[in-house]
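Trainee: Have a look at the structure that comes next, please.
Bear in mind that the values in this text are calculations on the coordinates, not laboratory data. The model shown is predicted, which means the values in this text are computed figures rather than measured ones. Virtual Cβ from ideal backbone geometry, glycine too; neighbours counted across all protein chains shown.
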Amino acid sequence: MAITERATGPAAPHPRLLRAYRETHYEARGVTIRIGRRSRALDALLRGLRSKQAGLITAWNPASRRLPEGVNRRRQLRLREHLRRTRFIPAHGHLGHWHEDMLLVAADPRRLAVIARRFGQSAIVALRAGRPARLLWNCH
């Protein structure tokens, strides 16, 4: 199982942070998404969104620094407003006691990486039908 991360900035992610992204369980409409794994259920979900590619994006915890839940929820509302003309569905990521609200957005992951940088995010999960989920790293 190959895990593909592509840095889009000059610095590499800290190994512990990278491991956390790899081990996180991402979910949208009951479909579990894991970095480095392909999923027929995800392919079906993408077909339902009329898209062959998408990404998981959030506004929570910019630069991987924990913020209060109320602040994160307000940030996520701003992200939803920013994406209002794009097809998306609610999603979330969780690892142990940690969780973040996310959106699965039917759009080119490169476009989503630009939006993620605006919201201070370290990475997005890039999704393509028939391929394993992968990290698209946004180093600051």
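Trainee: Among 125, 83, 102, whose Cα lies farthest out toward the positive end of the dipole of the chain, if unit charges sit on the beta carbon of Lys, Arg (+1) and Asp, Glu (-1)?
Mentor: My answer, from the dipole projection, is 83.
Trainee: Let me ask something additional. What ranking of 127, 103, 77, 49 emerges when the number of other C-beta atoms within 10 Å of each C-beta is taken as an exposure proxy, fewest first?
Mentor: In order of increasing Cβ crowding within 10 Å: 77, 49, 103, 127.
Trainee: If you average the sequence gap of Cα pairs under 8 Å that are 6 or more apart and divide by the length of the chain, what percent do you get for the contact order?
Mentor: Reported relative contact order: 36 percent.
Trainee: Same structure again: Quick one: among 85, 40, 110, which has the greatest mean-square fluctuation in a GNM of the chain with alpha-carbon springs under 10 angstrom?
Mentor: Greatest mean-square fluctuation among the candidates belongs to 85.
Trainee: Hey, can you grab everything whose amide H is under 5 Å from the amide H of residue 31? Only 5+ residues off in sequence or another chain; H modelled, so Pro and N-termini drop out.
Mentor: Placed amide hydrogens put nothing under 5 Å from residue 31.
Trainee: Rounded, prolate or oblate: which fits the chain when a ≥ b ≥ c are the square roots of the eigenvalues of the alpha-carbon gyration tensor, with rounded for a/c under 1.5 and prolate only if a/b beats b/c? Walk me through the intermediate numbers first.
Mentor: Numbers: a/c = 1.38, a/b = 1.12, b/c = 1.23.
Rounded is the answer for the chain, as its axis ratio a/c remains below 1.5.
Trainee: With +1 on the Cβ of every Lys and Arg and -1 on the Cβ of every Asp and Glu, and nothing else charged, how large is the dipole of segment 13-137 about its Cα centre, in debye rounded to the nearest 20? Please report the intermediate quantities before stating the final value.
Mentor: Working: 28 positive and 8 negative charges, 83 e Å.
It comes to approximately 400 debye.
Trainee: Order by neighbour count: 69, 27, fewest other Cβ atoms within 10 Å first, most last. Display every interim value, and only then the final one.
Mentor: Values: 69 11, 27 17.
Least crowded to most crowded, the residues run 69, 27.
Trainee: Tell me which residues come under 5 Å, amide H to amide H, from residue 121 once H is placed; ignore anything under 5 positions away on its chain.
Mentor: HN-HN under 5 Å from residue 121: 63.
Trainee: Which far-off residues, 5 or more places away or on another chain, put their amide H under 5 Å from the one on residue 134, with H placed in the peptide plane?
Mentor: 36, 126
Trainee: Tabulate in residue order the Karplus-calculated ³J(HN,Hα) for segment 28-44, using 6.51 cos²θ - 1.76 cosθ + 1.60 with θ = phi - 60°, rounded to whole Hz; enter x for Gly and Pro.
Mentor: Using θ = phi - 60°, the values come out as 9, 6, x, 9, 8, 10, 10, 4, x, 10, 9, 9, 5, 5, 5, 4, 5 Hz.
Trainee: Can I ask one more? Whole-Hz Karplus ³J(HN,Hα) for segment 62-76, in order, using 6.51 cos²θ - 1.76 cosθ + 1.60 and θ = phi - 60°, x for Gly and Pro?
Mentor: x, 6, 6, 10, 5, 10, x, 4, x, 5, 4, 5, 5, 4, 5
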